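Report on the structure given below.
The values are calculated or read from the model by the stated rules, or taken from the named source; none is laboratory data. The structure presented is a predicted model; accordingly, all values stated were derived computationally and were not measured. Heads up, the Cβs are rebuilt from the backbone with ideal geometry, glycines too, and the neighbour counts pull from every protein chain shown.
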Amino acid sequence: MRVLPLLMCLLSCSAVHSAPLLDGDCGDHRDAGVVPRILAQSVELYVHEYAGQLWLCATLAPGDLGTVDVQLVTPRYPRGINLHVSAQLGEWPLDRPDDAPTGANDARWWNHRGWSGSTLRFHGMEDVDGQRRPRLLPGRARELQIDVARFGAGTWNLLLRFQQLGGREELIYPDAGDEPLMIRIDDPVD
């Protein structure tokens with residue numbers, strides 16, 4: 001399978017010759033020679049494909065939790081789908097936001113298929129204002145692996161929404177007014 005950037009693409013997608021490990025670290029992507037796109041200070045986005053899989057890996061600044069929503073429009077999902085990675089994984093149609101889980105105990109979490117992501121790192125419980133709450137450790141990166149077979153070859157449009165990045169409320173890429181992030185994914189070549 002080859003991945004070719006479109007003329008108006010802000011980000012090229014590198015074809016590499018080995019698969020990275022989905023481990024919440026962008027080191028495999030760097031080692032494979034994937035050139036990152038700088039999104040903000042300490043946030044680099046690596047995008048590449050191998051053997052019918054697309055990887056997105058965004059570095060995080062020390063101390064950041066870095067949750068992400070990837071809004072994806074593809075040939076098989078022309079109305080769009082949201083892929084969510086935080087302490088839990090989930091997906092829902094972009095045109096049906098009421099289908100999104102509304103809390104940590106919502107049964108609509110863990111409905112993902114054909115993709116996965118590196119979740120926040122659970123590290124026991126702690127007392128906060130008299131209540132027991134999960135303790136989450138900062139990560140090095142937020143990483144996703146997406147199966148092209150589920151989402152379809154062709155032009156993919158992506159919008160990434162990062163939350164919990166230092167003092168920043170939200171980081172959106174591409175930002176309003178920028179060209180959309182488009183990636184062309186061709187059918188596998190035997």
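Structure data summary
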| item | result |
| --- | --- |
| Candidate set from the stretch 86-110 (those that are assigned to a loop (DSSP other than H, G, I, E, B) and in contact with a Phe, Trp or Tyr (Cβ under 6 Å, 6 or more places away or on another chain)); member that is nearest to G139 (Cα to Cα) | Q88 |
| Residues that are assigned to a loop (DSSP other than H, G, I, E, B) and either modelled with pLDDT under 95 or surrounded by 10 or more Cβ atoms within 10 Å (Cβ to Cβ) (or both), drawn from the stretch 111-128 | N111, H112, G114, S118, T119, L120 |
| Only one of L83, L72 that is touching a residue at least 12 places away in the same chain (Cβ under 8 Å), in a strand (DSSP E or B) and over 18 Å from Q164 (Cα atoms) | L72 |
| Residue among A176, A104, A153 that alone is touching an Asp or Glu at 6+ places or on another chain (Cβ under 8 Å) and at pLDDT below 95 | A153 |
| Test set (1) under 13 Å from the mean Cα position of the chain (by Cα); (2) of a type in the set (K, R); (3) surrounded by fewer than 13 Cβ atoms within 10 Å (Cβ to Cβ) - R161 fails condition number | (3) |
